[in-house]
1. Relative to the longest principal axis of the chain, what angle (0 to 90°, nearest 10) does the C-alpha long axis of helix 192-206 take?
2. Ignoring ligands, DNA and RNA, what accessible area per residue does the chain give at 1.4 Å, in Å²?
3. Using a 1.4 angstrom probe on heavy atoms only, work out the carbon and sulfur share of the accessible area of segment 1-109 in %.
4. Give me the distance between the Cα centres of segment 95-168 and segment 29-90, rounded to whole Å.
5. Stretched out fully, how many nm does the piece from Ile254 to Asp28 gain, at 0.36 nm a residue minus the Cα gap?
6. Specify whether the C-alpha gyration tensor of segment 11-105 places it in the rounded, prolate or oblate class, a ≥ b ≥ c being the square roots of the eigenvalues: rounded for a/c under 1.5, otherwise prolate if a/b is larger than b/c and oblate if not.
7. Would you mind computing, in nm to one decimal, how far apart the modelled labels at Glu211 and Arg7 are, each placed 7 Å from Cα along Cα→Cβ?
8. Tilt of helix 243-260 relative to the longest C-alpha principal axis of the chain, in degrees (0 to 90, nearest 10)?
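The values are calculated or read from the model by the stated rules, or taken from the named source; none is laboratory data. No experiment lies behind these values; they were computed from the predicted model shown. With ideal geometry, Cβ positions are generated from the backbone for all residues, glycine too; neighbour counts draw on all protein chains shown. With ligands, DNA and RNA removed, areas are computed over all heavy atoms of the protein, side chains included. Shrake-Rupley method; radii C 1.70, N 1.55, O 1.52, S 1.80 Å.
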Amino acid sequence: MSEWNSREERQADARAEYERIMTTPSPDPMGAFIESGVIGFVFGEMWRRGVLTARDRRLITLSCVGAAGATTPIETHVWAALNSGDLTYAEFDEFVLHFATQLGWPKASDLNLHGMMSAFRLAEEREEELEAHDFELWVGPVDDEVRRERGEAAYRSIQGEPSPSAPTAFRGRSYLDFLYGEIWTRDQHLTRRDRRIVSICCAGAAGVDEEVSEHLRAALSMEELTYEELQELVVHYAVYLGWPLGRRLDDLLIAEAGETGEDAR
């Protein structure tokens, strides 16, 4: 049985959800895209589904709109994430750093710019002084051998299996030493679960199935995300990157859940 008694009641609830999530007045339903799409399904249904936390959904959304390079959604969702308090500026800043390793510094720069602009705007509206945020410092230098050992150990801890060989500069210096040894190990503002969510969304957006599957497998086997939570991640991801990419991510999830036995639970 529907929770609404009329279309008007359904639309009123959807508009209220838009305003709660976006922290701004909802647009008038002036056409099919806004009325049935943005207000009706995206905020009236998808954002209200539960299972994932508001913070989870913010990370998925920001990963997807950042991957798409969609200027207006980046601006509005960065603002909403910070204004709502679902993410602090320090957490957002750390998110941007992790995002940069997944989809590159140029795309991350747009997110970073809108984050700074939103932080200044919030401080001005709240009549507060904008203070320097508490960010985690880059680790100190160590010998190359120690750095490699740290990266390999981090990979084993994060992916649950031995690290791959590193025959090239990218595989060694960039992938093991920096990404795993110095980014994934940062835990002051993002959890490993947070980073897993961002990595799955970014790898999916880039169409790198092997990377997606590795993260899905690790998330399930290490019990960072349940099968139900990952299914909900796919639903949210599809809204911001499209049903074809959503279907592909869903296929990969079904395959990995079958391998780990999660689909039978």
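1. So the helix axis and the longest Cα principal axis differ by about 80 degrees.
2. Working: 13530 Å² over 265 residues.
Ligands and nucleic acids excluded, the result is 51 Å² per residue.
3. Values: 2710 of 4960 Å².
Answer for segment 1-109: carbon and sulfur cover 55 percent of the accessible area.
4. Here the answer is 22 Å between Cα centres.
5. Details: separation 226, 0.36 × 226 = 81.36 nm, distance 3.85 nm.
Stretched fully, the Ile254-Asp28 segment lengthens by 77.5 nm.
6. Values: a/c = 2.10, a/b = 1.71, b/c = 1.23.
Here segment 11-105 falls in the prolate category.
7. The answer from the label model is 4.4 nm.
8. With both axes taken from Cα atoms, the answer is about 50 degrees.
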